[in-house]
Protein chains: 4
Amino acid sequence: MKKLTTTILLIFLVFAGFAQWPGWGKVEYKTMPSKILNQDREYAVYLPPNYEKNTDKNYPVLYLLHGGGGSHTDWPEKGSLAGIANQLMLSNEATEMIIICPEAGKDFMNYFNNPDWRYEDYFFDEMIPFVESNYRVIADKGHRALAGLSMGGQGTVVYAQHHPEMFCAAYTMSGYLYRHDNLFWIDFNDPVQKKVHQLVEDNNCVKFVNEASPEKIANLKTVKWFVDCGDDDFTLKANLEFVLAMQAAEIPLQTRIRDGNHTWEYWHSALYIALPFVSDIFRDNSIQQQ
Amino acid sequence: MKKLTTTILLIFLVFAGFAQWPGWGKVEYKTMPSKILNQDREYAVYLPPNYEKNTDKNYPVLYLLHGGGGSHTDWPEKGSLAGIANQLMLSNEATEMIIICPEAGKDFMNYFNNPDWRYEDYFFDEMIPFVESNYRVIADKGHRALAGLSMGGQGTVVYAQHHPEMFCAAYTMSGYLYRHDNLFWIDFNDPVQKKVHQLVEDNNCVKFVNEASPEKIANLKTVKWFVDCGDDDFTLKANLEFVLAMQAAEIPLQTRIRDGNHTWEYWHSALYIALPFVSDIFRDNSIQQQ
Amino acid sequence: MKKLTTTILLIFLVFAGFAQWPGWGKVEYKTMPSKILNQDREYAVYLPPNYEKNTDKNYPVLYLLHGGGGSHTDWPEKGSLAGIANQLMLSNEATEMIIICPEAGKDFMNYFNNPDWRYEDYFFDEMIPFVESNYRVIADKGHRALAGLSMGGQGTVVYAQHHPEMFCAAYTMSGYLYRHDNLFWIDFNDPVQKKVHQLVEDNNCVKFVNEASPEKIANLKTVKWFVDCGDDDFTLKANLEFVLAMQAAEIPLQTRIRDGNHTWEYWHSALYIALPFVSDIFRDNSIQQQ
Amino acid sequence: MKKLTTTILLIFLVFAGFAQWPGWGKVEYKTMPSKILNQDREYAVYLPPNYEKNTDKNYPVLYLLHGGGGSHTDWPEKGSLAGIANQLMLSNEATEMIIICPEAGKDFMNYFNNPDWRYEDYFFDEMIPFVESNYRVIADKGHRALAGLSMGGQGTVVYAQHHPEMFCAAYTMSGYLYRHDNLFWIDFNDPVQKKVHQLVEDNNCVKFVNEASPEKIANLKTVKWFVDCGDDDFTLKANLEFVLAMQAAEIPLQTRIRDGNHTWEYWHSALYIALPFVSDIFRDNSIQQQ
């Protein structure tokens, strides 16, 4: 009977479909210290198939942000991160890269700074330097990109708006790009929610573009932008307004409105577009540095 | 603090992406009695968005089989069954249907009959009748279909070969269509594995086609066949031989070899093809019955 | 040498890829009389694979409109109409249907009425009745649909706005939905162009939705709408405004913004989406009539 | 009236969809001298969007072969070469490259050598050198690739089998990989056809792999192979046998069997896969040369 169990376990590992055939890329959960947030902070890291083997090679990095109320385990567990990355890298549709999923849901869900909670400072002053000194990373704008969903879609856009000199690409999925006042599931009288959404609104992505100086707009043009949103998503209006603002400012961007809603099915399919998109940019930037 | 937790929970439910917006189809785990297997038997059922509301409507049924070592929870949990079905039905690319995932991994993993374990009898003599008397089903060949992965891909083909009068469509994904003797992870000296794989070989799908009588072949032509297999899958050879055997017998079939391996990423994407495929057939059969 | 030529011709027919394997659907160019336009009028008709064989079967109809300056030969010759329709019908992703391409480019390019040129009247009072009495058509709202590109995308929307009781579906591609005043290639002082574009503006699709009465909006909801536009298309802004207006009016619609520009590559790929979209609706409507 | 015509012409150019917006890549028809074939020989060349502007940049080259009975104008005119290449390069899914379509249909349709007609010698000894001295080309294996359809699919495979040291990638579409004796449209008693098909059979691609020495197989592994064939194509069997032979020889390859037949719709969609495929390889090879 024990034999049977072992055997069944073995078959299970194979037939049920490995995320982990030997030599494929895999996700690890880790922590890093943060002085700014005054605590240890979790993150997930995907290391590509040949990371352990090619020990003299450096890799581009994608920072992949989760949504409101989520955590660094969302993309690996709900978003099939390793499965998708392995699939695309094994067929060469994506280039090998390191993917970092920060944890932004704990204690106070937000990607931005307020006096008590300087998450954006943590991200730029601690997380990026930590990643770049602990992994074999190509540490320049041309090999550093952002992607994220919902509130992480806003994080993606805002981080690239604040620091266009840091990222070559920004891919926002179902981005919650400003405060929506008509969401029945949010109690805006709740002090925490009020604070969260005030920060969201303070970082209104559409307003940022509309009010950007010519110099700022010139900088925004150095980032490759990609806006992806479902046609039934409650964030569609905000995303379309963002697209129109970007076009009015003559900042080139890719736009996709595909079938879907605010769901993991959508973000799952979005990652199949996002990874090749940033890969082509990473590759081109490697060539131009020659 | 409790307030915070509640709030975060609420946001989580929404922002992290519902599989369950109100009014969407959902999966239930149930059991049914089996005299043949002498036990209660689990299954999962997906009920489409309007099943509860349209109480005078009957629905087509898809039987969706898991792989070796798996269970009835695989498609719902690893295969995003509800997420995919909802996505496709809300956009009308799939028609509303009931989807049944039998449990075939418990006690003895196999879809076929041996003297001690008459699973195929259970499926045809107990499960199908149970489903058709407990759910609002259109109980005819034209609205009953099969799909499955790996060993469930073999189950799909074999059930439709044995009972072409029962199914309008059969969609096999990465089908393990006969015994492979070179799988390092199987101990063929293990008595259980030996028995499992003997049954697999007794139901060799390629041999079945090659040896089919003209009358049998005529019957096989009444089923719409679909073979889907990854180009890096260890079952590719068997699947290509099956395709060639079917073409030699002039039995029409759809074939897709897509990028991928024996993984859930592959089967996830396959379900996006399978549901529209059987939907078009269900719809056409509803029209022809007019 | 003649032998050689003949042989090469024969190979050419096959190897170069038939649009016309025996038994596949094909396009015919025809004319019909028009009293309203006071002339004979060209059109193209695609008859599906089994039209000649199934002489007791009636078919749904799609009216497929060309763009500004084009003609009824555009979809067959630039848009690969027969090739795409055959491909999708042979795999059953589209249902067999008749496809009519009217000629709207001759004499005065426009789909609408002005005192001298009552094209919209021609379409409704002469063309549709002519088609329905000369081809085996299912002549009801449930089996009559519209699709079109650019100015034909506006025609699609406007015809369905004016007569929602006539069409089950409207699929607009790169729709030129109101007059654009900043097109460098249009001389708006040219009297013909001025007149054409005045008619375009008189039929402003966005304004129509914004100003629609509750009763009209209820009628618009009986049509299945689909808006498809390239992310680099000069009509993108108008299309996004139309989507936002439709959503504000709570009229359900499908929206796709895909990669591309105002090109035949875009419309070619759009037809691969449009035919399955209207097919699912035609099929459902055939079932509901039972 | 002249005014009207001019205006309509202008609108036509725009609304009907440019293949040629200013600054997009375009196709030119040219000739080159051949001593081996003792004549001037036609070819088509696609120059990418920035070729004229970036006068100090060199580009990778794809040789794109037509099918039996075709000519160098097939890909540009039936295969929408410029439209597809522009679409993919403008969105960066393909890298800018030069695409050369040789003429192999004139006088004697075949890609191979016989004593009277040394086309393969022409291709390697005259055409490639001509291209590399007349266009700004990166003239190495890492930036030289092959693709082709039907008899050009055989040409693709055979050229890469004969000269794996010359090409980084070979993408065969609906490849006619050996002589098919059951084609009703070929008169095998016709002396020209007999000769053509003898050459086809002399270059049997499956046999080549089966009989390859270990050293040859090692060389074949330096090419990235891609086999793409429709599931209803009459060449399917040959293509599946080729895939199985390559897998038996442990030569990595990509395989896609998609819906379709021996048609331009199939090859049109194949080019959307082929150009990104070779682009990723070109890009990686540029990086590795650093």
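Looking at this structure, is B:L220 aliphatic (A, V, I, L, M) and modelled with pLDDT under 95? Considered against the rule, which asks whether it is aliphatic (A, V, I, L, M) and modelled with pLDDT under 95, B:L220 comes out as no.
For the stretch B:57-88, filtered to residues that are within 16 Å of B:G152 (Cα to Cα) and outside any loop (DSSP other than H, G, I, E, B), the residue that is farthest from the other protein chains (Cβ to nearest Cβ) is B:Y63. Scanning the stretch C:138-156 for residues that are farther than 21 Å from C:G260 by Cα and open to solvent by less than 10 Å² (accessible area, probe 1.4 Å) returns C:H143, C:A145, C:L146, C:G155.
Of all the numbered requirements in (1) more than 14 Å from chain B (Cβ to nearest Cβ); (2) of a type in the set (A, V, I, L, M, F, W, C); (3) over 20 Å from A:C168 (Cβ atoms), A:M109 misses one, and that requirement is (1).
Entry remark, the stretch C:247-257: residues being in a helix (DSSP H, G or I) and at the interface with another protein chain (Cβ under 8 Å from one of its Cβ atoms) number 1 in total. Taking the numbered list (1) open to solvent by less than 10 Å² (accessible area, probe 1.4 Å); (2) at positive phi in turn, C:E250 passes all entries but (1). Going residue by residue through the stretch B:83-91, is there one that turns out to be surrounded by fewer than 23 Cβ atoms within 10 Å (Cβ to Cβ), among the polar types (S, T, N, Q) and over 22 Å from A:G79 (Cα atoms)? Looking for residues that are surrounded by fewer than 23 Cβ atoms within 10 Å (Cβ to Cβ), among the polar types (S, T, N, Q) and over 22 Å from A:G79 (Cα atoms), one finds none in the stretch B:83-91, hence no. When restricted to residues that are among the hydrophobic types (A, V, I, L, M, F, W, C), touching a strand residue (DSSP E or B) at 6+ places or on another chain (Cβ under 9 Å) and free of Cβ contacts under 8 Å to residues at least 60 places away in the same chain, the stretch A:140-179 contains 3. Within the stretch B:59-74, the set of residues being within 24 Å of B:C168 (Cα to Cα) and free of Cβ contacts under 8 Å to residues at least 60 places away in the same chain comprises just one member, B:H72. Within the stretch C:183-197, the residues that satisfy the criterion of being within 19 Å of C:N114 (Cα to Cα), touching a residue at least 12 places away in the same chain (Cβ under 8 Å) and open to solvent by less than 20 Å² (accessible area, probe 1.4 Å) are C:V196, C:H197. Condition check for A:V200 on (1) surrounded by fewer than 21 Cβ atoms within 10 Å (Cβ to Cβ); (2) more than 10 Å from chain C (Cβ to nearest Cβ): one failure, at (1). B:L275 passes every criterion in (1) within 13 Å of chain D (Cβ to nearest Cβ); (2) crowded, with 23+ Cβ neighbours inside 10 Å apart from (1). Condition check for C:A94 on (1) of a type in the set (A, V, I, L, M, F, W, C); (2) open to solvent by 10 Å² or more (accessible area, probe 1.4 Å); (3) part of a loop (DSSP other than H, G, I, E, B): one failure, at (2). Within the stretch B:48-56, can one find any residue that is buried (at least 21 other Cβ atoms within 10 Å of the Cβ), outside any loop (DSSP other than H, G, I, E, B) and away from chain A (no Cβ under 14 Å)? There is no residue in the stretch B:48-56 that is buried (at least 21 other Cβ atoms within 10 Å of the Cβ), outside any loop (DSSP other than H, G, I, E, B) and away from chain A (no Cβ under 14 Å).
Yes/no matrix, rows are residues, columns are (1) within 26 Å of B:F234 (Cβ to Cβ); (2) in contact with a helix residue (DSSP H, G or I) (Cβ under 6 Å, 6 or more places away or on another chain); (3) within 13 Å of chain D (Cβ to nearest Cβ):
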| position | (1), (2), (3) |
| --- | --- |
| B:A245 | yes, yes, yes |
| B:D259 | yes, no, yes |
| B:Y266 | yes, no, no |
| B:S269 | yes, no, no |
| B:I287 | no, yes, no |
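Here A:I36 passes the criteria (1) touching a strand residue (DSSP E or B) at 6+ places or on another chain (Cβ under 8 Å); (2) free of Cβ contacts under 8 Å to residues at least 60 places away in the same chain except the one numbered (2). Assessment of the stretch D:214-221 against the conditions (buried (at least 19 other Cβ atoms within 10 Å of the Cβ) and in contact (Cβ under 8 Å) with a residue 12 or more places away in the chain) yields at least one matching residue. For C:H180, the stated conditions hold: it is within 14 Å of chain A (Cβ to nearest Cβ), over 27 Å from D:M89 (Cα atoms), open to solvent by less than 30 Å² (accessible area, probe 1.4 Å) and at pLDDT below 95.
Scanning the stretch C:100-132 for residues that are open to solvent by 10 Å² or more (accessible area, probe 1.4 Å), hydrophobic (A, V, I, L, M, F, W, C) and part of a strand (DSSP E or B) yields a total of 1.
Put simply, of A:V192, A:V157 the only residue that is at pLDDT 95 or above and aliphatic (A, V, I, L, M) is A:V157.
The values are calculated or read from the model by the stated rules, or taken from the named source; none is laboratory data. Note that the structure is predicted; figures quoted are calculated from it, not measured. Neighbour counts run over all protein chains shown; Cβ positions are idealised from the backbone, glycine included. Quick note on the areas: whole protein, heavy atoms, side chains included, nothing else; ligands and nucleic acids left out. Shrake-Rupley method; radii C 1.70, N 1.55, O 1.52, S 1.80 Å.
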